[in-house]
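Working notes, beginning with the structure itself.
The values are calculated or read from the model by the stated rules, or taken from the named source; none is laboratory data. None of these values were measured; they are calculated from a predicted model. Because the Cβ atoms are built from the backbone with ideal geometry, glycine has one as well, and the counts that use them run over all protein chains shown. Areas reflect the complete protein model, heavy atoms only, side chains present, ligands, DNA and RNA absent. Shrake-Rupley method; radii C 1.70, N 1.55, O 1.52, S 1.80 Å.
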Amino acid sequence: MMLKSNMNLTKLKVSVIGCGWLGKPLCDALINAGCRLKTTTSTIEKANSLAENYNSHFFDVSIHSPDKLLLDSDVIIYTIPPLGIDEVEKFFSNIPDNRKSIFLSSISVYGKSRGAVNEESEVYPDSTNGKLLAESENFLRNHFKNVTILRLGGLIGVDRHPVTSLQGNKNLTNGRELLHLVHRDDCISAIISLIEKNIWNETINLINDLRVPKYEYYTSIAKSLDLVPPEYIEVPILSPTRISNEKSKILLSLSYKNN
């Protein structure tokens, strides 16, 4: 870990790759902190609509190489959902290896039925996205001198919750898996804290404190929102994955939202 004195965010040049559900409020927070912001989005229409407030321009990671606008940054934050390793390598290979970078990954790299794990544990992804992210993480660690990887749990927020897509579903088999969610506000706080504290060359889990079986949580939250609860088939799990968030609390001084 490289930990230095706090960094002044005022006039710090930050590029946010992807201005979506997480990226846009992250941009707002960075602007409020005094950063000089540049953002990208993958459609010309959205880039034009965001250009005035977010200095946004059209950029498709799977097609384009980083241009001068992106390379002239102190910190690059990559918020795009999983892409193939070829696209990730193509994009980041064109960024100097001394550039400070933050890569938003996922706890899906750990895999299922792992028992207690933390950032030092080996990863055994069992999903396509998990495998793509694990490959991307390895490439970034080898390429950059200053990169921090944030492994996010399932994202929730005031206008987003996985229970809405689960409502009324039947015969779900993952009810005994443990819950690993994180609020969008906590992700943004973590990124701001990471930059302020100048923390690099770390891998950090971002997940709240709730570790209850999914069937308990989603049944309860659906009823509280007057939604049709999902129905689960009883499938025992010998050693459900239980991911630690202690490192994030220590390094980033996070106090998680658990609802």
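Below is a table of values for the structure above.
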{"read-out": "Ranked by how many other beta carbons lie within 10 Å on average, peptides 122-131, 29-38 from highest", "value": "29-38, 122-131"}
{"read-out": "Share of carbon and sulfur in the accessible heavy-atom surface of the chain [1.4 Å probe, %]", "value": "49"}
{"read-out": "Helix 184-196 axis, angle to the chain major axis (alpha carbon atoms, nearest 10°)", "value": "40"}
{"read-out": "Using distinct alpha-carbon pairs, which all enter the 1/r mean, Kirkwood radius of the chain in Å", "value": "19.2"}
{"read-out": "For the chain: accessible area per residue (Å², 1.4 Å)", "value": "48"}
{"read-out": "Links that overshoot a 19 Å alpha carbon limit, given the list 145/249; 24/145; 38/100; 112/223", "value": "145/249; 24/145; 112/223"}
{"read-out": "Cβ charges +1 (Lys, Arg) and -1 (Asp, Glu), total dipole of the chain, debye", "value": "420"}
{"read-out": "Fraction in percent of alpha-carbon pairs per bin - 5 Å, region 1-133", "value": "2, 9, 17, 20, 18, 15, 11, 6, 2, 0"}
{"read-out": "Nearby aspartates and glutamates by direct alpha-carbon distance to residue 197 (threshold 12 angstrom, same-chain neighbours under 8 apart not counted)", "value": "none"}
{"read-out": "All Cα pairs of region 144-221, percent lying beyond 20 Å", "value": "42"}
{"read-out": "Rounded to 10°, Cα long-axis angle of helix 128-143 versus longest principal axis of the chain", "value": "30"}
{"read-out": "Separation between Cα centres of region 184-240 and region 63-87, rounded to whole Å", "value": "27"}
{"read-out": "Per-residue [θ]222 nm for the chain (sum of -39500 (n - 2.57) over DSSP H runs n ≥ 4, rounded to 500)", "value": "-9500 deg cm²/dmol"}
